[in-house]
Amino acid sequence: MGISFLREPWTDEESLSCLDKDVREWFQSKFKRLTPPQKFSFKLISMRKNVIITAPTGSGKTFSAFMVILSELFRLSKERKLEDKVYCIYVSPLRALDNDIYKNLMVPLQEIKRKLGDDIDEIRVGIRTGDISPYEKQKQLKKPPHILITTPESLAIILNSLKFVEKLKDVQWVVVDEIHELASSKRGVHLSLTLERLEHLVGKELVRIGLGATLYPLEEVAKYLVGYKDGKERDCIVVDVSWFKPFDLKLICPTDDIIYTDAEKLNSLMYKELENIIKNHRTTLVFTNTRSGTERVVYHLKKNSKFKEEEIAAHHGSLSRDIRWEVENRLKNGELRAVVSSTSLELGIDIGYIDAVVQIGSPKSVSRCVQRIGRSGHGLEDTAKGIIIGMDRDDLVECGIMLKCIRERKLDEVYIPRNCLDVLAQHIVGMALNKKWKVEEAFSLIRRSYCYRDLPYHTFISLLHYLAGHYASLEDRNVYGKIWFDEDEGVFGRRGKYTKVIYYLNIGTIPDEVKVDVFTTNPRRYVGNIEEDFLERLRRGDIFVLGGSTYEFKYARGMRCFVEERKEESPTIPAWFSELLPLSYDLAIEIGKFRERIEERLKRKKSIDDIVSELPVDERAKKAIIEYFEAQYRYAKTIPTHRKIVIEKTTDLNGRRVVVFHCIFGRRVNDALSRLFAFVIGKKLKTDVRITINDNGFSLMIPENKDLDIDDVIKLATEVDMEKILRENIRRTELMKRRFRHCASRSFLVLRNYKGHKISVRKQQIGAERLIRVCQEIDPSFPILEETYREILEDLMDIRKAKEVIEKLKKSQIRYEVIETKHPSPFAHNLILLGDADIILMKDRKKRLMELHEKIMKELT
Amino acid sequence: MKKISGNIFAIEPFPALYISDLDCTVIADLHLGYETIASECGVFVPRVQFEKSMQTMEKIVNKKKTKRIILLGDIKHEFSGTSYHEYREVSAFLDFLSIYFVEIIIVKGNHDTFIHRVAKKYRIEVFDTFTEKDYLFVHGHKDMDIKKVREDKIIMGHEHPSIALFTDIGVKEKLRCFLYGKAYGKEVIVLPAFSFFAEGSDVNLIPKEELLSPVLRKVDIDSFKVIGIIEGDSFLEFPSVGKLRRFV
């Protein structure tokens, strides 16, 4: 059967008939009728099917999953058959969500219990996250909750708790909430293995219930939820009712003239629009794309608008949990007019009634946009109202098409990482702590996870060798080995007295967040902190904004960064760069298709008015979009599309020569492509090439005096081994060092916590470069190195799609067109102005050093 | 071999000095046992440094054979006590040196607590400072009044000096380096770290008052000349730290 979709719901009577009498009566006393997801889920869950349910906020998703489970538990309870063990596990990515669910479940449990009195045993619900006290844990051991609410990390830890795990031996249901959020990250990969280990422990098939919002393609997420058995995906029924809620969508442009309105003016116009929206609604949820953006908007609304300070609040990940919790409560109580958030309110935390969602700037992906807008209109039939304020011309085009996609229900594809060796390493250690394993048995368990379904056997073995410390000398293995592994016998198991502690203290996939303290050099003064990944982007002389002032970057020492204040100089690198979300591939392709239709019209000198009118945009936005396309076509005589890359040779504002590649495949693909082309060009011209990249393409800066034959470049690019080149290219970057540290810490090569000490990131950082070199010398395909490359190439960039683009280029399914312009064409403007740059290293190090030396000496004499 | 001054030479391309009138080789900051300490902190770096150190030492000896060798402090990595591994590595390294050198002299560094225990076994003397002819050998972690030093030449380690160079497009290159120059009429020479794991301090980026060695904080470091090491290849000379500050 595999994965199948269910389109026809049952009647309410049919659905309700599968509930216990008292539970049904309670339900009917509370709700007039079943919500769309419930019409499917009651029957399915009572038939013990694996299901995945996607439905918007406010659609009774929680009860759609839990009603039948509660009913079964009450039945057992009435029959006095309820045992002291866990029947159901609920997993969500957020503790806040765990608390909400707990509260939601307590209502029916208490009310039904009150009605039935002492005739039944109590059904217990318990939360188990990193927060709970040892006392609480002890209590749970004595009286285990029948429904256990937890997070992916805590669930994994439970699998290794000697006593509590006994209480899990008869788990029947597992509910995974916010599955769209989990599936796309290493946390989700981690969870997929946890579920397989749990099922292995229970010894029979679990009923798996996945809950999520907007998702595509649902088949893949369903497979992720249920995993594989004997190489075939397990059965799962998909219920997709995510679209019954009506959407009211609009894109607005805050000015008549988006090109010549300066940034300050544009901001004040944007705030005016925003204030109007807030005024016309009861509670507005505002999304910005960055935390600093959130802060700025909140600051403005509090100081410069008609609203009272206490009516406005910020909610983002940098705020403490207490503050966030308070904001959530004030929202629920209807005390706020507006709350501004970066991503933290995207997920299904209960925030009460929201009647409009405003998005400032593009959210970069259709799914994310739906997710955010779906937070409004809490009632079942309420319209979800979303307003996007576009801030530049690329933004307007992008958001216009995004809203059109939502109308047409086209979502972007979810990306689920695969074969992550660091996550697997953690689980192998966990498994070894459980018992002695036959290699084959463990391997087949692992391959039941969707994320490891095609893990090569030899990769698994090399990971076992690594974990057994076989890279160290025989006598050192007691220190380095986390497991023992006998390859001849084909068995592995636990090793070392500290391993269990190491495992408990270092489990998880989210890297430590690192703040770098910033000081002025003279006088020495602390001015704030920046994210570590931002520091990595900084080069000497870069100017950036921190806490409202501008600073020039001087140098960094360990986790401290030194700057000098530079008044009245404009920043060279936007502070939000590292946070910026990448444009998704699917949305990029949609933009490409739209551009293709536009170009076809412009070629025939026809109006494009009606095509642009298809987009749900206001008049100003429409005008700006039309002008943008017309200007591009007039100037460049061509419009780049998803089937035509336009390569523009031009000069930038400083008169330097640049080659702009207009390619609309999303930023992750552009990231890979830009490095490939920079390498090819660098090799041809024997020079280093500087890269600037954004969502709509990339540009390469090349020296004055060299001529460049693009046909040659394209030919070369289609002939080389892209993966090999990209690996060489990223090997010496800061990105590699940082990601290596993350992977090394996930796979227990570098610990975050050891022997009771928290290891500072500074210590973890010790010689990342050296550590990489050592690993490389031991084995060029050392598992942690391999994982670092994989993470960068597949998760951060999108090498698969990039290869596809090159393949299509080779087969002329994607064409390219070379143009020369005196000044950059309109589509290139945002790219040319962008302060971000990366470098492809061409020359060997020695040569570069010699040249540097020569240059310095020349200048000195 | 690159002549630094008088009878002092840097052995290209290694972090080692040759002093002809003393017939000796000088190296500093070996930090043996680094991996053990790292693994105790939860950083499981495989043990590679010892092997690499011996290989480098062999190459140095092949280039220039001397009667004596001076180890200029921080032979071992751990501050407090001596771990078993560290003890073994230091012993083995001293064994190894005994094959090539008639005399081994140890100048104590801030990491060299308990080094005398190992040294005693080999009848090697451990000095806080070692002087001969007009040379003074110190590790460099303790402050001292340079003016009052009787010898003309001060040879030291401790700082792990390196220089940072940036290309036009901002690539950072880091080179371990020797520093040498004049202070209060004396000649001062700073050795790069011998250790594979030592992170250098970029002397052309870091302000003077941030330097590790209290001795160097008092000298005009910007006037010091620089010999950078391209590992396994060659030296690269630069006129002064100060001038390199302008190129970053």
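The values are calculated or read from the model by the stated rules, or taken from the named source; none is laboratory data. Computed from a prediction, not measured in an experiment: that's the story for all the values here. All Cβ positions, glycine included, derive from the backbone under ideal geometry; neighbour counts span all protein chains shown. For accessibility, only protein heavy atoms count, side chains too; no ligands or nucleic acids. Shrake-Rupley method; radii C 1.70, N 1.55, O 1.52, S 1.80 Å.
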Per DSSP H run of n ≥ 4, the term is -39500 (n - 2.57); total these for chain B, divide by its residue number, and report the mean residue ellipticity at 222 nm rounded to 500 deg cm²/dmol.
-> -6500 deg cm²/dmol
In Å², nearest 100, what accessible area do chains A and B bury in total when the solvent probe is 1.4 Å?
-> 4300
Using the Kirkwood radius over Cα pairs of region A:1-151, the Stokes-Einstein translational diffusion coefficient at 37 °C and 0.692 mPa s, in µm²/s and rounded to a whole number, is 200
Accessible-area order for A:Ser607, A:Ser342, A:Ser292, largest to smallest, probe 1.4 angstrom, reads A:Ser607, A:Ser292, A:Ser342
Out of every Cα pair in region B:7-131, what percent are spaced more than 16 Å from each other?
-> 60
Going through region A:653-725, which GluC sites (Glu not before Pro) have at most 12 other Cβ atoms within 10 Å and a DSSP loop state?
-> A:Glu704
What whole number of Å gives the distance from the Cα centroid of region A:24-84 to the Cα centroid of region A:357-383?
-> 27
Trypsin sites (Lys or Arg not before Pro) restricted to DSSP loop in region B:148-237 with at most 13 other C-beta within 10 Å = B:Arg150
With bins of 5 Å, the percent of all Cα-Cα pairs of region A:421-508 per bin from 0 is 3, 15, 27, 26, 19, 8, 2, 0
Could you look at region A:421-508 and say what percent of its accessible area is carbon and sulfur, using a 1.4 Å probe and all protein chains?
-> 51
Step through the residues of region A:35-43 one at a time and calculate ³J(HN,Hα) from phi using the Karplus curve (6.51 cos²θ - 1.76 cosθ + 1.60, θ = phi - 60°), rounding each to whole Hz and writing x for Gly and Pro.
-> 7, x, x, 5, 4, 9, 6, 4, 5
Give me the percent of the accessible area of region A:3-240 that comes from carbon and sulfur atoms, probe 1.4 Å, all protein chains in place.
-> 49
Reachable aspartates and glutamates from B:Lys65, criterion Cα separation under 13 angstrom, eight or more residues apart if same chain | B:Asp23, B:Glu103
Rg to Rh ratio, chain A, alpha-carbon atoms and Kirkwood radius?
-> 0.97
Per the Kirkwood definition applied to all pairs of different Cα atoms, how many angstroms is the hydrodynamic radius of region B:78-145?
-> 13.1
Region A:284-393: GluC sites (Glu not before Pro) in DSSP loop, at most 14 other beta carbons within 10 Å = A:Glu335, A:Glu381
To the nearest µm²/s, what D does Stokes-Einstein give for region B:2-245 at 20 °C and 1.002 mPa s, using the Kirkwood radius over alpha carbon pairs as Rh?
-> 118
³J(HN,Hα), Karplus 6.51/-1.76/1.60, whole Hz, each residue of region B:9-24, x for Gly, Pro = 10, 9, 8, 6, x, 10, x, 9, 9, 10, 10, 5, 6, 9, 6, 9
Accessible area drop of at least 10 Å² (1.4 Å probe, protein heavy atoms): which residues of region B:34-62 qualify, relative to the chain alone?
-> B:Tyr34, B:Ser39, B:Glu40, B:Cys41, B:Gly42, B:Val43, B:Phe44, B:Val45, B:Pro46, B:Arg47, B:Val48, B:Lys52
Angle in degrees between helix A:457-467 and the longest Cα principal axis of chain A, rounded to the nearest 10 = 90
Can you list the residues, at least 5 places off or on another chain, whose amide H is less than 5 Å from the amide H of A:Arg494, using H built in the peptide plane?
-> A:Trp484
Antiparallel content of DSSP bridges confined to region B:1-122, in %, to 5 | 45
In region A:496-532, accessible area falls by at least 10 Å² from chain alone to full assembly (1.4 Å probe) for A:Arg524
With every protein chain present, what is the per residue accessible area of chain B (1.4 Å probe, Å²)?
-> 37
Could you do me a favour and compute the accessible area per residue for chain A, 1.4 Å probe, result in Å²?
-> 41
Sum -39500 (n - 2.57) across every DSSP H segment of at least 4 residues in chain A, then divide by the residue count to get the 222 nm mean residue ellipticity, nearest 500.
-> -13500 deg cm²/dmol
With Cα coordinates, the longest principal axis of chain A makes an angle with the long axis of helix A:768-778, in degrees rounded to 10, of 80
Nearest-10 value in Å² for the accessible area of A:Trp10, using the 1.4 Å probe | 60
Evaluated over region A:67-188, the Cα radius of gyration and Dmax, each in Å | 14.5, 46
If amide H atoms are modeled at 1.01 Å from N in the peptide plane, then the residues at a separation of 5 or more from A:Tyr754, or on another chain, having amide H under 5 Å from its own are A:Ile759
Determine, at each q value in 0.15, 0.18, 0.27 (inverse angstroms), the log₁₀ of I(q)/I(0) that the Debye formula gives when each Cα of region A:406-466 is one equal point scatterer.
-> -0.50, -0.64, -1.27
For region A:247-407, state the average projected area of the convex hull of the C-alpha atoms over all orientations, rounded to one decimal in nm².
-> 8.8
Kindly sort A:Asp517, A:Asp671 by accessible area of their heavy atoms, largest first, with the probe set to 1.4 Å.
-> A:Asp517, A:Asp671
Computed over chain A: longest principal axis from alpha-carbon atoms vs helix A:321-332 long axis, angle to nearest 10 degrees, is 80
